[in-house]
Amino acid sequence: MQKTSVSRQIPSQPPAIATNGNGLLPVDFWPHPAVIAPNHFVFKSLSNWSFNIAVGCSHGCTFCYVPNAATIKQGAALAQFGISDPDAQWGKYVLLRQWDEKKFLSSLNAAEKTPRAQLNPDGNRAVIYCSTTDPYQTIYHPDPLKRKELGKAARHLVRRSLELIRDNSTLNVRILTRSPLARLDFDLYKTFGPRLVFGMSLPTLRDDLGRVYEPKAPAPSQRLVSLRAAKAEGLHVYVAMAPTYPDSDREDLAKTLESISKLDPITVFMEPINIRAENVRRIEAQAQALGMTLN
């Protein structure tokens, strides 16, 4: 099999990492294992379970409501890592979950045995990677050895868990990412056949808007290239055109939808920005820093 060369698309300057009074870094290992957990999605038709590799996300998208909807509930635990405001500090902390194969298999077995009558039918008996973080983010750490350790552990979390789902269950998998690094696992995806669908968030084709709303994530144009590569590899592809930006005009929407339609995706998931807590302020601050005026 021919190997695909993948650019890591790392920003020229890694995000600043603050320390608390004890010198602790908000980039480390989370003291709990990564397991498959029910997500109780309503109306989203995405999945029945989630597999989240980390608490926090290095992409730190300005629109994201995850820190208000989920992460903020873990405030006491996050405080131990010097995170005093999970919402305001979103994008500055990534705490990678531990790998415990026995506990993962236990959670997989529980999901596999869940009667269909107890599941939302639009979840398709699927596990989503991920619902509150990105499975293919780059984890930054000022210590090169620690950074390498975290990166290697994250890769193992994703690949090993996928192998176990494939070999020890009949569950389906839905990948959702903003990172072209997912191409490193296209070979593994193909071994699932129709049980796995691969998707990327592509709300716009305008890279300038991406720098406002998703400043640390790979550019939308790079994601479109990865989606085309996935289709060329024969993968089952979908697109999350989410969240749609208030600044995406008719021309942008038409071009984005035209590009998506050429992928012949099995579905397109679309929603507007969910206004929560500090995300509007984050968007405004980033736009001002770039000298842009938003709607």
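Brief remarks follow.
- GNM flexibility winner over the chain from 273, 36, 175 (Cα, springs under 10 Å): 273
- Its Cα gyration tensor gives region 250-295 an equivalent ellipsoid; the semi-axes, largest first and in whole Å, are 28, 15, 8.
- Each of residue 255 and residue 208 was given a label point 7 Å from its Cα along the Cα-to-Cβ line. The distance between the two points is 1.0 nm.
- Per residue value of the accessible surface for the chain (all protein chains in place, 1.4 Å probe), Å²: 48 Å²
- Our analysis of region 118-224 gives Rg over Rh at 1.00, with the two radii drawn from alpha carbon positions and Rh computed by the Kirkwood formula.
- For the chain, the 222 nm mean residue ellipticity estimated from helices alone, with every DSSP H stretch of n ≥ 4 adding -39500 (n - 2.57) and the total spread over all residues, rounds to -9500 deg cm²/dmol.
- Gain in span if fully extended, residue 44 to residue 143, counting 0.36 nm per residue against the direct Cα distance: 31.7 nm
- More than 15 angstrom apart: percent of Cα pairs within region 173-262: 56 percent
- Alpha-carbon Debye profile of region 226-272, log10 I(q)/I(0) at 0.19, 0.30, 0.33 Å⁻¹: -0.62, -1.14, -1.23
- Here the chain carries DSSP beta bridges of which approximately 20% are antiparallel, counting only pairs with both residues inside.
- Annotation for residue 103 and residue 167: the two label points, set 7 Å from Cα along the Cα-Cβ direction, are 2.2 nm apart.
- With 10 Å bins beginning at zero, the pair-distance distribution over Cα atoms of the chain amounts to 6, 28, 37, 24, 5, 0 %.
- Diffusion coefficient of region 65-184 by Stokes-Einstein, Kirkwood radius over Cα pairs, 25 °C, 0.890 mPa s: 150 µm²/s.
- All distinct Cα pairs of region 68-108 go into the 1/r average, and the inverse of that average, the Kirkwood radius, is 11.8 Å.
- In nm, spacing of pseudo-spin labels at residue 264 and residue 184 (7 Å Cα→C-beta vector): 3.1 nm
The values are calculated or read from the model by the stated rules, or taken from the named source; none is laboratory data. Since we're looking at a predicted model, the values are computed, not measured. Positions of Cβ are backbone-derived with ideal geometry, glycine not excepted, and every protein chain shown enters the neighbour counts. Just so you know, the surface numbers come from the protein's heavy atoms only, side chains and all, with ligands and any DNA or RNA stripped out. Shrake-Rupley method; radii C 1.70, N 1.55, O 1.52, S 1.80 Å.
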